[in-house]
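The values are calculated or read from the model by the stated rules, or taken from the named source; none is laboratory data. It should be emphasised that the depicted structure is a prediction, and the values quoted were computed from it without experimental measurement. Heads up, the Cβs are rebuilt from the backbone with ideal geometry, glycines too, and the neighbour counts pull from every protein chain shown. Only protein heavy atoms, including side chains, enter the accessible area calculation; ligands, DNA and RNA are left aside. Shrake-Rupley method; radii C 1.70, N 1.55, O 1.52, S 1.80 Å.
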Amino acid sequence: VTCDDPMFRPVSIAFGPDGCLYIADWCNRIISHNEVARDHPARDKIHGRIWRVRHTGQAAATITDFTKAPTAELPGALTSDSVWAMRAAWHQIAQRQDRSVIPGLNALIRNAKVPVDARIHALWSLEELGHFDTGLWRLLLTQPSSDLRREAVRALQSLRVPQSAAGPLLRTLADETD
């Protein structure tokens, strides 16, 4: 990325929910932190810009406002192709604390045809709801995906599963190579 403006100072980039690239621009004439005094009048600590970079052929995206989405639709949104949408749905599940989504989350996790990242977000959602099910964890700890197994082990700690319940589950991983 280049710019003809000599004050262009890109400090962060991220893809937004619309698929566009966003660039945070410090917009400052001074580059060095040490060569110019911190109280120099040319130091601009007020202005900045955010640039939105979009391909001319890129179709406009429809962005769901997950704060207004019905709770029942949130588990399904965890399977979105958009990482932003997937995470926004996960955050809403966590914020609403509506346990009615637990059966849908369980179904997502148990479905081997659902992408691993969506299953992990469903697991994180269960974790946010404080839900532990021995049968589900037994299944998770035998999955081919080492990412799913790792997240299931990590969640045991955050859910504060007693050693008496976690120990037998973890024995299945005694020969784990990952």
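See the values below:
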| read-out | value |
| --- | --- |
| Formal net charge of residues neighbouring VAL114 (Cβ-Cβ distance under 15 Å; K, R +1; D, E -1) | -1 |
| Dipole moment magnitude, nearest 20 debye, the stretch 116-178 about Cα centre, only Lys, Arg, Asp, Glu C-beta charged | 200 debye |
| Relative contact order (percent, whole number), the chain, Cα cutoff 8 Å, 6+ residue spacing | 13 percent |
| Carbon + sulfur, % of accessible area of the stretch 1-160 - ligands and nucleic acids excluded, 1.4 Å | 55 percent |
| Three-way shape label, the stretch 79-154, alpha-carbon gyration tensor, a/c 1.5 | oblate |
| Per-pair calculated FRET efficiency, R0 = 35 Å: GLN97 and LEU21 via Cβ, rounded to 0.05 | 0.55 |
| Separation of alpha-carbon centers, the stretch 159-174 and the stretch 97-120, rounded to whole Å | 21 Å |
| Estimated dipole of the chain in Debye, rounded to 20 [Cβ of Lys and Arg +1, of Asp and Glu -1, Cα centre] | 260 debye |
| Furthest towards positive pole of dipole, LEU74, ILE93, THR56, structure part the stretch 38-95, Cβ charges | THR56 |
| Nearest-0.05 FRET efficiency for ARG52 and ARG150, computed from C-beta distance (R0 41 Å) | 0.70 |
| Environment charge at ALA165 (Cβ cut-off 13 Å; Lys +1, Arg +1, Asp -1, Glu -1) | +2 |
| Segment SER12-VAL83, length gained on full extension (0.36 nm per residue, minus Cα span) | 23.7 nm |
| Environment charge of ALA85, counting only residues whose C-beta is closer than 15 Å and scoring Lys/Arg +1, Asp/Glu -1 | -3 |
| Accessible area per residue, Å², the stretch 46-99 with all protein chains present, probe 1.4 Å | 71 Å² |
| Longest DSSP-loop-exposure-free segment, GluC sites (Glu not before Pro), the chain, at most 16 other Cβ within 10 Å | 36-175 |
| Rg/Rh for the stretch 23-178, where both radii come from Cα atoms and Rh is the Kirkwood radius | 1.18 |
